[in-house]
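These notes are about the structure you will find just below.
The values are calculated or read from the model by the stated rules, or taken from the named source; none is laboratory data. Since this is a predicted model, take the numbers as computed values, not measurements. As a convention, Cβ positions derive from the backbone with ideal geometry for all residues, glycine included, and neighbour counts pool all protein chains shown.
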Amino acid sequence: MMSRRLLRLVLISLAPLGALLLAGCPPVLDPNRSPPIIDKPIYNCAETSAFSGADRDAKIAVYVNGSQITQVSIWMGWGSTKLPAALHTGDVVSAAQIVGNHISEKSRAPVTVTVIPPGVATNGKLPAPAVMPPLYECQEVVRVNGVVQGTTVTLRKNGGTTWNTMTPYTIARFGVPTLKVGETYDAMDAICKDPVLKSDWSAKATVGAKPASLATPAIGQPLVGGNDAVLLTDLVTGALVKIFADSGTGPVAVGSGAALDTATIFKINPPIDVAKKYSAEQALCELKSPPGGGVTPVKDPPAPSVRAPLC
C-alpha cells in the first residue's frame, strides 16, 4: 500500500502535467480555413478595428505587428473589436479566426495604419458628421453618418447630455432613452490626444411626431430550419421589434430588440422550427405595425448559384 509520503511526492510530480492539461492545447493551424478580412483604412490613434469573412460563432484573434493583442468571440461572421491600446502609423493589423481547435492563417491582406490624409482632415479639422433623419418620438436608437473611421463620436441632446462611442465604421449608432417631440440632437467626432483632431458640431436634428402608421416588417427569406438569426427590413430605426413563432395555437415571441437601422438582424431563441410560421411587428410607443401573414421556413438552404460570365 502506498505511503502518504510517497503519494504526496507522486502528486507533486504530476502537478505540472495537470496544469498543462487544464490549460488545454493551442489551436491547430488549418490552412483550409479562410482568414478574416480587416477593414481599411485604419488611421493613426485608432483604438478599434473591424473585420469580416469569418465563420459564425468563431473567435477572432487580432494581431499588431505579428503579436496577438486581443481575442473576441463573435456571433455573426463580422464585427468590430476594441483594442487594448491606440495604434500608430506604420503598425500592421491582421487577424485569424479560431473555430473549435482550429485556427486559420492570418489575414491575407493585412492593413497598415496610416495618418489621416489632408483630404479628410482639412487644416487639421475633421468633417462634421450628420445626425440621420428622420427622428421620431419613441425611437430608442439615433444614427450618426459621415463619421471618420476610428474616431470617438459624441452625440449631444439639447446641447447638454452626451453619449460617446468609438467606431471603425462611417456610421455610429446610439441606444438612447425614448425620444420626445422637440428634443434636438447633434454630433461631433474626434481622434488622437496630442494634438486632438476633431470636427465641429453637426447641424441639429429635431425630434418630430411619430408617423401615422408603420409598415409590417418584411422577413428575409429563405428562413432555414435550425438557424437562430432573422433578417428584418422595412424598419423604422429605433422602433421596438418583436418576432413571433406560431405552431397553430397562436404567436409566441421568440426574439425582440430595437431596430438599429432600416434593416437589422435579430437573434431568436429557440432557433427556427420548420413546423412553425414566423412573423414580426414594430412599434413606436402605442403605435404598432399591422400583423403579417407569416413566413414558412424551409428545411434546407437553397443550392448556391454561380453568376456568369466568369472573366
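Is it true that A308 is among the aliphatic types (A, V, I, L, M), in a loop (DSSP other than H, G, I, E, B) and loosely packed, with under 15 Cβ neighbours inside 10 Å?
Here the answer is yes, as A308 does meet what is asked.
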Inside segment 132-147, the number of residues satisfying the requirement of being over 20 Å from the mean Cα position of the chain (by Cα) and either part of a strand (DSSP E or B) or not assigned by TED's automatic domain parsing to the domain that holds K198 (or both) is 1
If we keep only residues of segment 106-139 that are within 19 Å of A172 (Cβ to Cβ) and among the β-branched types (V, I, T), then the residue surrounded by the fewest Cβ atoms within 10 Å (Cβ to Cβ) is V120
Contact list, first residue from segment 269-280 and farther than 16 Å from P301 by Cβ, second anywhere and basic (K, R), beta-carbon distance below 8 Å, six or more apart or interchain, is A280/K242
Restricting attention to segment 175-209, the residues that are under 18 Å from Y136 (Cβ atoms) and polar (S, T, N, Q) number exactly 3
Residue count, segment 142-156, condition buried (at least 19 other Cβ atoms within 10 Å of the Cβ) and within 28 Å of C285 (Cα to Cα), comes to 6
Checked T122, T70 against criteria (at pLDDT 95 or above and closer than 30 Å to A190 by Cβ); the one match is T70
V230 vs (1) within 14 Å of A259 (Cβ to Cβ); (2) assigned to a loop (DSSP other than H, G, I, E, B): all pass except (2)
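Of all residues being part of a loop (DSSP other than H, G, I, E, B) and touching a strand residue (DSSP E or B) at 6+ places or on another chain (Cβ under 6 Å) in segment 241-294, which is farthest from V224 (Cα to Cα)? Just the residue, please. Can you show your working first?
Pass one, segment 241-294, residues part of a loop (DSSP other than H, G, I, E, B): 247-250, 259-263, 268-276, 285-286, 289-294.
Add one more test, that the residue is touching a strand residue (DSSP E or B) at 6+ places or on another chain (Cβ under 6 Å), and what stays is 259-260, 263, 268, 276, 289, 292, 294.
Values: A259: 22, L260: 23, A263: 19, I268: 13, K276: 12, S289: 25, G292: 19, G294: 14 Å.
Among residues in segment 241-294 that are part of a loop (DSSP other than H, G, I, E, B) and touching a strand residue (DSSP E or B) at 6+ places or on another chain (Cβ under 6 Å), the one farthest from V224 (Cα to Cα) is S289.
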Counting only residues that are hydrophobic (A, V, I, L, M, F, W, C) and touching a Gly at 6+ places or on another chain (Cβ under 8 Å), segment 142-170 contains a total of 2
For strands (runs of 3 or more DSSP E) lying entirely in segment 62-123, having 2 or more residues that are closer than 27 Å to P31 by Cβ and among the β-branched types (V, I, T) picks out 67-73, 92-99
Within segment 202-221, the count of residues that are crowded, with 16+ Cβ neighbours inside 10 Å and either without any contact (Cβ under 8 Å) to a residue 60 or more places away in the chain or not polar (S, T, N, Q) (or both) comes to 6
Are any of the residues in segment 280-295 surrounded by 15 or more Cβ atoms within 10 Å (Cβ to Cβ), of a type in the set (G, A, S) and under 23 Å from P133 (Cβ atoms)?
-> yes
Expected single match for small (G, A, S) and within 30 Å of G293 (Cβ to Cβ) among S199, S213 is S213
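Only one of V230, V236 is modelled with pLDDT of 95 or more, farther than 24 Å from V181 by Cβ and in the same structural domain as S279 (by TED's automatic domain parsing). Can you tell me which? Steps first, please.
Values: V236 fails: farther than 24 Å from V181 by Cβ.
Being modelled with pLDDT of 95 or more, farther than 24 Å from V181 by Cβ and in the same structural domain as S279 (by TED's automatic domain parsing) holds for just one of V230, V236, which is V230.
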message = surrounded by fewer than 13 Cβ atoms within 10 Å (Cβ to Cβ), over 20 Å from A212 (Cβ atoms) and either modelled with pLDDT of 95 or more or out of contact with any Gly (no Cβ under 6 Å at 6 or more places or on another chain) (or both): is that true of A253 in this structure?
response = yes
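Could you please find all residues in segment 158-170 being in a strand (DSSP E or B) and among the β-branched types (V, I, T)?
Going residue by residue through segment 158-170, those that are in a strand (DSSP E or B) are 161-166.
Those that are in a strand (DSSP E or B) and among the β-branched types (V, I, T): T161, T162, T165.
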The strands (runs of 3 or more DSSP E) lying wholly within segment 171-220 that contain at least 2 residues that are hydroxyl-bearing (S, T, Y) are 184-191
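Given the residues V93, V99, which is the only one that is closer than 22 Å to S49 by Cβ, in the same structural domain as K40 (by TED's automatic domain parsing), touching a Leu at 6+ places or on another chain (Cβ under 9 Å) and crowded, with 16+ Cβ neighbours inside 10 Å?
Exactly one of V93, V99 is closer than 22 Å to S49 by Cβ, in the same structural domain as K40 (by TED's automatic domain parsing), touching a Leu at 6+ places or on another chain (Cβ under 9 Å) and crowded, with 16+ Cβ neighbours inside 10 Å, namely V93.
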